[in-house]
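Only one structure is covered here, and it is reproduced in the block below.
The values are calculated or read from the model by the stated rules, or taken from the named source; none is laboratory data. Quick caveat, the model's predicted, so the values are computed rather than measured. Quick reminder, even Gly has a Cβ in these numbers, built from the backbone with ideal geometry, and neighbours come from all protein chains shown. Note: areas computed on protein heavy atoms with side chains; ligands, DNA, RNA excluded. Shrake-Rupley method; radii C 1.70, N 1.55, O 1.52, S 1.80 Å.
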Amino acid sequence: MSNFVDNIPYSSPSTPHPQHQIGWVGLGNMGSKMALNLSKHLQTLSPPLPPLLVWNRTSSKAKDLEKKSEGACKAVGELEDLAQRCDLIFTSLSEDTAAEEVYTILLVGEEKRVGKGTQERISSGLSTVFVDTSTLYPETTGKLERQVSALPKRHFVAAPAFGPPPMAEAAKLVFAVAGPYNSKKHVSQFLVPAMGRKIMDFGSNPERAASFKLIGNSIIISTIEMLSETMTLADKTGVGSERLYEFLEEFYPAPSALGYGKKIMTNNFQGENGFTLEGGIKDASHIRRLGDSVDCPLPIIDLARQHMISARAHGGSHLDWSSLSAGFRITAGVPPFERPEMLQKQPKQ
């Protein structure tokens, strides 16, 4: 059994008040699984905390999660209403523009709860912590932090999550965390073991955690690009990608290599339980921008992004980001999708 104490770089936080209300915003492939795990965890505490309040732009997802959680979650119809009711709010959002729009509304609701004036807020006895688990450009994360921290009794913690949706479902994520120490310490008890296995601390500057998340994702994107090239080569030479996968199991048994290697080998790029190609293009663009900002060329990321765009152009925008291999196959003169049914969008549940 893992020793979670060793994976949380802070001393034990104080027990939250029995009425400590937590909210969750964003129920995509990652957020829905993280929120469900958190909601279950809140009910195991002594005493249990109130049901997790959840909101999603597509309201049916919040209602579905409420039903799936058997009462551990409660769907909220209006985002501003959630902010008026919560002491701690987690966000899991798809991209930067959405994050800025969501936080603008959240802060309006939060000010209705705690107050707008400095003295009013201090006298209220209330405070709010916002925790963002999204993958955003560091500049965006910094902007959110400044907006949140502009008033007293309001704190921002960046906690971008590493891991694909199956890892989120298994509560095995790794979080890169940065922000005020006391806020990080308080939040840690809801990150590990409820949603993940480890916290990596990056000090007080949220932009550093955001940068690290992009750098970490660059390794995963580069791995997918490498697998796309070598598996295509193995198939074209007659060696077979199946035999190359055997090699991976023996000599390169990293979870990302094995997971994405199997997707590429079997041409199984369904995006329902993966990270989408659109999200991959967004991340690759952020990584290139980060490299440009410090004069650091990233040729593998440039190439991978080109292959993702080619895969999207051939109908794969809704697929897992490992479908970038389809973009590479085009350059090698082979059909991009050997299983055409992959291009058929699955009906929404």
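Take Val192 and decide whether it is at pLDDT 95 or above and either within 23 Å of Ser32 (Cα to Cα) or among the basic types (Lys, Arg) (or both). Spelling it out, Val192 is indeed at pLDDT 95 or above and either within 23 Å of Ser32 (Cα to Cα) or among the basic types (Lys, Arg) (or both).
Please find, within the range 121-154, the residue that is farthest from Ala210 (Cα to Cα) out of those that are aliphatic (A, V, I, L, M) and open to solvent by 20 Å² or more (accessible area, probe 1.4 Å). Explain how you work it out, then say what you get.
Of all residues in the range 121-154, those aliphatic (A, V, I, L, M) come to 122, 126, 129, 131, 136, 144, 148, 150-151.
Narrowing the set further to residues that are open to solvent by 20 Å² or more (accessible area, probe 1.4 Å) leaves 122, 126, 150-151.
Details: Ile122: 30, Leu126: 28, Ala150: 20, Leu151: 23 Å.
Looking at residues that are aliphatic (A, V, I, L, M) and open to solvent by 20 Å² or more (accessible area, probe 1.4 Å), I get Ile122.
Which strands (runs of 3 or more DSSP E) sit wholly inside the range 78-161 and have at least 2 residues that are more than 30 Å from Ile220 (Cα to Cα)? Before you say what the answer is, go through the steps one by one.
Numbers: elements: 88-91, 128-132, 154-158.
Ranges flagged: 128-132, 154-158.
In the range 141-157, is there at least one residue being closer than 29 Å to Tyr252 by Cα, hydroxyl-bearing (Ser, Thr, Tyr) and touching a helix residue (DSSP H, G or I) at 6+ places or on another chain (Cβ under 8 Å)? So far as the range 141-157 goes, no, none of its residues is closer than 29 Å to Tyr252 by Cα, hydroxyl-bearing (Ser, Thr, Tyr) and touching a helix residue (DSSP H, G or I) at 6+ places or on another chain (Cβ under 8 Å).
Per-residue answers, yes or no, for (1) in a helix (DSSP H, G or I); (2) more than 25 Å from Ser127 (Cβ to Cβ):
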| site | (1), (2) |
| --- | --- |
| Asp6 | yes, yes |
| Tyr10 | no, no |
| Pro16 | no, no |
| Leu42 | yes, no |
| Ser46 | no, no |
| Val54 | no, no |
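Among Leu65, Leu38, which is the only one that is closer than 16 Å to Ala161 by Cβ and assigned to a helix (DSSP H, G or I)?
Residue meeting the stated conditions: Leu38.
Does Lys40 satisfy being among the charged types (D, E, K, R) and open to solvent by less than 60 Å² (accessible area, probe 1.4 Å)?
Details: among the charged types (D, E, K, R): yes; open to solvent by less than 60 Å² (accessible area, probe 1.4 Å): no.
No: the conditions fail for Lys40.
Out of the residues in the range 65-82 that are in contact (Cβ under 8 Å) with a residue 24 or more places away in the chain and under 22 Å from His41 (Cβ atoms), state the one that is surrounded by the fewest Cβ atoms within 10 Å (Cβ to Cβ). Per the stated criteria, the residue is Lys68.
Annotation: of all residues in the range 309-349 being among the polar types (S, T, N, Q), more than 19 Å from Pro164 (Cβ to Cβ) and modelled with pLDDT of 90 or more, the one that is most open to solvent (accessible area, probe 1.4 Å) is Thr331.
Here Ala159 meets each of (1) in contact with a Leu (Cβ under 7 Å, 6 or more places away or on another chain); (2) closer than 23 Å to Glu110 by Cα; (3) open to solvent by 10 Å² or more (accessible area, probe 1.4 Å) with one exception, condition (3).
Within the option set Ser60, Ser94, being in contact (Cβ under 8 Å) with a residue 60 or more places away in the chain, open to solvent by 30 Å² or more (accessible area, probe 1.4 Å) and of a type in the set (Gly, Ala, Ser) holds for one residue only, Ser94.
Among the criteria (1) within 30 Å of the chain's Cα centre (by Cα); (2) free of Cβ contacts under 8 Å to residues at least 12 places away in the same chain, the one Gly240 does not fulfil is (1). Restricting attention to the range 289-300 and to residues that are farther than 14 Å from Leu227 by Cα and of a type in the set (A, V, I, L, M, F, W, C), the residue that is surrounded by the fewest Cβ atoms within 10 Å (Cβ to Cβ) turns out to be Val294.
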